[in-house]
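Taking it in order: structure first as structure tokens, then the write-up.
The values are calculated or read from the model by the stated rules, or taken from the named source; none is laboratory data. All of these numbers come straight from a predicted model, not from anything done at the bench. Glycine gets a Cβ as well: all are built from the backbone with ideal geometry, and neighbour counts include every protein chain shown. When the accessible area is computed, the model is the full protein with side chains, heavy atoms only, and any ligands, DNA or RNA have been set aside. Shrake-Rupley method; radii C 1.70, N 1.55, O 1.52, S 1.80 Å.
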Amino acid sequence: MKLGMKRVFLSLTFLGALAVHTSYAQATREEIFDDIATTGGVYYAYPGPSGVQTKAPKGYEPFYISHYGRHGSRWLIADEDYVRVMEVFEKAHKAGALTDLGEDVRKRLDIVWEDAKGHGGDLSPVGVKQQRGIAERMYQAFPEVFKGEPQMSARSTVVIRCVLSMDAFCERLKEFNPKMQIERESSNKYMDYLNFHTQEAMKFTSRKGPWYEEYRKFEQEHVRPERLVNTLFNSKEYIRKNVNPEELMRGLYWVASDMQNVEPDVCFYDIFEKQELFDIWQIHNYKNYVCDGPSPMTNGLMLANAKSLVENILDSADEAVASGANSATFRFGHDGNVIPLVGLLRLENCYNEESDPDKFYQAWCNFKMVPMAANVQIVFFRKKGTTDDIIVKFMLNEKEVSIPVKTDIAPFYHWKDVRAFYKDLLSQLPDRD
């Protein structure tokens with residue numbers, strides 16, 4: 001796949017004009033300041049559904065659901081992410097170099113560590129509750145899909161937090177209907193669509209890639225740790241000799257961001273100014289946008305990572321439509337899979353292009369697309385007694401969203417038009433390497 005390939009965004013300007021909504025995946029500074037937890041970005045805990053479910057046109061009822069979900073809330077990715085921060089405070093404590101606030105933060109970290117130790121990267125109880133809640137609302141919204149003894153399919157990446165997310169989700173469904181059959185698997189066999197990245201994409205996103213130097217400068221400009229560290233340590237000389245202020249600020253940011261994903265009632269947002277959190281969040285939103293999303297810098301390279309997943313969605317839908325039986329396909333993976341998926345599916349504002357790093361967040365916002373437990377649901381409806389009159393609607397995080405396909409029944413679309421649109425889109429992408 002070459003960066004000079006035929007542009008897959010060829011018709012985005014025209015297609016984007018067809019979208020019904022204009023702000024789902026965008027954000028403003030004021031909006032973020034109103035809910036500072038959103039500065040966690042991909043660590044933002046699943047906010048739950050918003051908006052209402054539009055009733056299907058008269059005579060249609062749901063019969064199939066195609067789903068892809070990110071794992072639920074987790075602890076920080078590794079124990080070391082906690083330990084590095086704690087060691088700085090423990091060393092300063094022994095040296096008598098902490099302020100009263102610094103001592104208080106050290107004690108809070110001890111509480112956090114007691115809960116987190118050994119859990120790096122694990123699904124948390126909060127994540128289990130999220131998956132169960134999503135499954136429950138799906139069952140209640142579309143009960144026709146789950147009646148009788150339907151045959152369901154569930155597939156997960158081989159990462160344990162995804163496996164446990166799948167189990168929490170499926171078990172909740174079976175609590176409503178024990179006769180439901182859900183074949184669950186986690187295997188390398190399915191990784192080529194559940195978690196696929198081309199070799200060229202991985203090469204691009206390395207620190208040797210063409211994006212990195214500009215990103216490094218942006219990062220340097222947006223991490224300003226002086227105020228924070230001066231409130232935690234009582235000696236500038238101690239800071240100069242013993243503390244890496246940028247690294248510590250980033251470490252505390254991650255701990256602060258993740259507290260919404262775990263059970264201990266501990267908060268660190270009081271030690272930050274909102275602008276500081278906002279600036280650090282922009283760094284990570286930048287990286288998500290360029291390394292997984294629709295940044296024009298990549299010329300469609302990252303969204304092409306979802307080609308095999310969209311192919312699987314179409315193939316699975318064809319099988320479901322042909323069978324005529326009620327069914328569902330559940331898939332579980334990661335934020336780095338959801339981002340290219342929602343972009344390639346052309347869900348509203350998930351494929352916006354912006355070239356100015358200072359404006360990335362105004363065009364594309366990670367916490368709205370990929371909070372913990374993010375999910376895409378495509379719900380299929382048909383008229384009773386027919387097999388070819390099929391309509392669909394798309395939901396991102398349980399909120400109805402538009403796609404750039406003409407329709408006379410928004411937010412629903414005629415499946416034949418949607419299928420043709422995606423088939424044409426996929427045909428413009430090179431074969432996977």
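Hey, which of the strands (runs of 3 or more DSSP E) in the range 356-433, taking only ones fully inside, have at least 1 residues that are modelled with pLDDT of 95 or more, over 24 Å from the mean Cα position of the chain (by Cα) and closer than 22 Å to Asp315 by Cβ?
Strands (runs of 3 or more DSSP E) meeting the threshold: 375-383, 390-396, 412-414.
Conditions (1) farther than 25 Å from Phe381 by Cβ; (2) in contact with a Lys or Arg (Cβ under 9 Å, 6 or more places away or on another chain), marked per residue:
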{"position": "Gly133", "(1), (2)": "no, yes"}
{"position": "Ser156", "(1), (2)": "yes, yes"}
{"position": "Ala168", "(1), (2)": "yes, yes"}
{"position": "Asn188", "(1), (2)": "yes, no"}
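Return the residues of the range 175-189 that are without any contact (Cβ under 8 Å) to a residue 40 or more places away in the chain and either open to solvent by 40 Å² or more (accessible area, probe 1.4 Å) or within 16 Å of Gly333 (Cβ to Cβ) (or both); say none if nothing qualifies. I'd like the intermediate steps shown before the answer.
Let us first name the residues in the range 175-189 that are without any contact (Cβ under 8 Å) to a residue 40 or more places away in the chain, namely 175, 177-181, 183-189.
Answer for the range 175-189, where residues must be without any contact (Cβ under 8 Å) to a residue 40 or more places away in the chain and either open to solvent by 40 Å² or more (accessible area, probe 1.4 Å) or within 16 Å of Gly333 (Cβ to Cβ) (or both): Glu175, Pro178, Lys179, Gln181, Glu183, Arg184, Glu185, Ser186, Ser187, Asn188, Lys189.
Taking the range 319-352 on its own, how many of its residues are in a helix (DSSP H, G or I), open to solvent by 20 Å² or more (accessible area, probe 1.4 Å) and either among the polar types (S, T, N, Q) or closer than 22 Å to Phe196 by Cα (or both)? So that I can check it myself, show each step before the final result.
Here is the first cut: in the range 319-352, the ones in a helix (DSSP H, G or I) are 319-323, 335-344.
So of that shortlist, the ones also open to solvent by 20 Å² or more (accessible area, probe 1.4 Å) come out as 319, 321-323, 335.
Subsequent filtering for residues that are either among the polar types (S, T, N, Q) or closer than 22 Å to Phe196 by Cα (or both) retains 323, 335.
So the answer is 2.
Going through the range 403-418 one residue at a time, which ones are open to solvent by less than 80 Å² (accessible area, probe 1.4 Å) and touching a Leu at 6+ places or on another chain (Cβ under 8 Å)?
In the first step, residues of the range 403-418 are kept if they are open to solvent by less than 80 Å² (accessible area, probe 1.4 Å); the result is 403-405, 407, 409-415, 417-418.
Ile403, Pro404, Val405, listed by residue number.
Taking Asp315 and the conditions (1) without any contact (Cβ under 8 Å) to a residue 24 or more places away in the chain; (2) in contact with a strand residue (DSSP E or B) (Cβ under 7 Å, 6 or more places away or on another chain), which numbered condition does it fall short on, given that it satisfies the others?
(2)
Among Phe196, Phe218, Phe233, Phe204, which is in contact (Cβ under 8 Å) with a residue 40 or more places away in the chain and either farther than 30 Å from Met249 by Cα or open to solvent by 20 Å² or more (accessible area, probe 1.4 Å) (or both)?
Details: Phe218 fails: either farther than 30 Å from Met249 by Cα or open to solvent by 20 Å² or more (accessible area, probe 1.4 Å) (or both); Phe233 fails: either farther than 30 Å from Met249 by Cα or open to solvent by 20 Å² or more (accessible area, probe 1.4 Å) (or both); Phe204 fails: either farther than 30 Å from Met249 by Cα or open to solvent by 20 Å² or more (accessible area, probe 1.4 Å) (or both).
Only one candidate qualifies: Phe196.
In the range 175-226, what residues are of a type in the set (A, V, I, L, M) and over 30 Å from Lys147 (Cβ atoms)? It would help to see each step written out before you state the result.
Step one: of the range 175-226, the residues of a type in the set (A, V, I, L, M) are 180, 182, 191, 194, 201-202, 223.
Met191, Ala201, Met202, Val223 - these are the residues of the range 175-226 that are of a type in the set (A, V, I, L, M) and over 30 Å from Lys147 (Cβ atoms).
Go through (1) open to solvent by less than 10 Å² (accessible area, probe 1.4 Å); (2) among the polar types (S, T, N, Q); (3) under 30 Å from Asp388 (Cα atoms) for Gln140 and report which single condition fails.
It is condition (1) that Gln140 fails.
For the range 56-105, name all the residues that are open to solvent by 30 Å² or more (accessible area, probe 1.4 Å) and basic (Lys, Arg).
Lys58, Arg84, Lys91, Lys94
Can you pull out every residue in the range 380-392 that is touching a strand residue (DSSP E or B) at 6+ places or on another chain (Cβ under 9 Å) and either over 30 Å from Ala201 (Cβ atoms) or open to solvent by 30 Å² or more (accessible area, probe 1.4 Å) (or both)? Break it down into steps so the answer makes sense when it comes.
Taking the range 380-392 as the starting set, the residues that turn out to be touching a strand residue (DSSP E or B) at 6+ places or on another chain (Cβ under 9 Å) are 380-384, 388-392.
Those that are touching a strand residue (DSSP E or B) at 6+ places or on another chain (Cβ under 9 Å) and either over 30 Å from Ala201 (Cβ atoms) or open to solvent by 30 Å² or more (accessible area, probe 1.4 Å) (or both): Phe380, Phe381, Arg382, Lys383, Lys384, Asp388, Asp389, Ile390, Ile391.
Residues in the range 153-166: is at least one more than 20 Å from Leu309 (Cβ to Cβ), charged (D, E, K, R), in contact with a Phe, Trp or Tyr (Cβ under 8 Å, 6 or more places away or on another chain) and open to solvent by 10 Å² or more (accessible area, probe 1.4 Å)? Step through it out loud before you land on a result.
Narrowing the range 153-166 to residues more than 20 Å from Leu309 (Cβ to Cβ): 160, 164.
Adding the requirement that they be charged (D, E, K, R) leaves none.
No, because not a single residue in the range 153-166 is more than 20 Å from Leu309 (Cβ to Cβ), charged (D, E, K, R), in contact with a Phe, Trp or Tyr (Cβ under 8 Å, 6 or more places away or on another chain) and open to solvent by 10 Å² or more (accessible area, probe 1.4 Å).
Which residues, counting only those in the range 28-48, are of a type in the set (Lys, Arg) and closer than 24 Å to His71 by Cβ? Can you show your working first?
Within the range 28-48, the subset of a type in the set (Lys, Arg) is 29.
Selection gives nothing.
State which residue is surrounded by the most Cβ atoms within 10 Å (Cβ to Cβ) when the search covers only the range 272-312 and only residues that are in a helix (DSSP H, G or I) and among the hydroxyl-bearing types (Ser, Thr, Tyr).
That would be Tyr289.
Any chance the range 150-166 includes a residue that's β-branched (Val, Ile, Thr), out of contact with any helix residue (DSSP H, G or I) (no Cβ under 7 Å at 6 or more places or on another chain) and not in a helix (DSSP H, G or I)?
Keep residues of the range 150-166 that are β-branched (Val, Ile, Thr), which gives 157-160, 163.
Remaining after also requiring out of contact with any helix residue (DSSP H, G or I) (no Cβ under 7 Å at 6 or more places or on another chain): 159-160, 163.
If we keep only those that are not in a helix (DSSP H, G or I) too, we end up with 159.
Within the range 150-166, one or more residues are β-branched (Val, Ile, Thr), out of contact with any helix residue (DSSP H, G or I) (no Cβ under 7 Å at 6 or more places or on another chain) and not in a helix (DSSP H, G or I).
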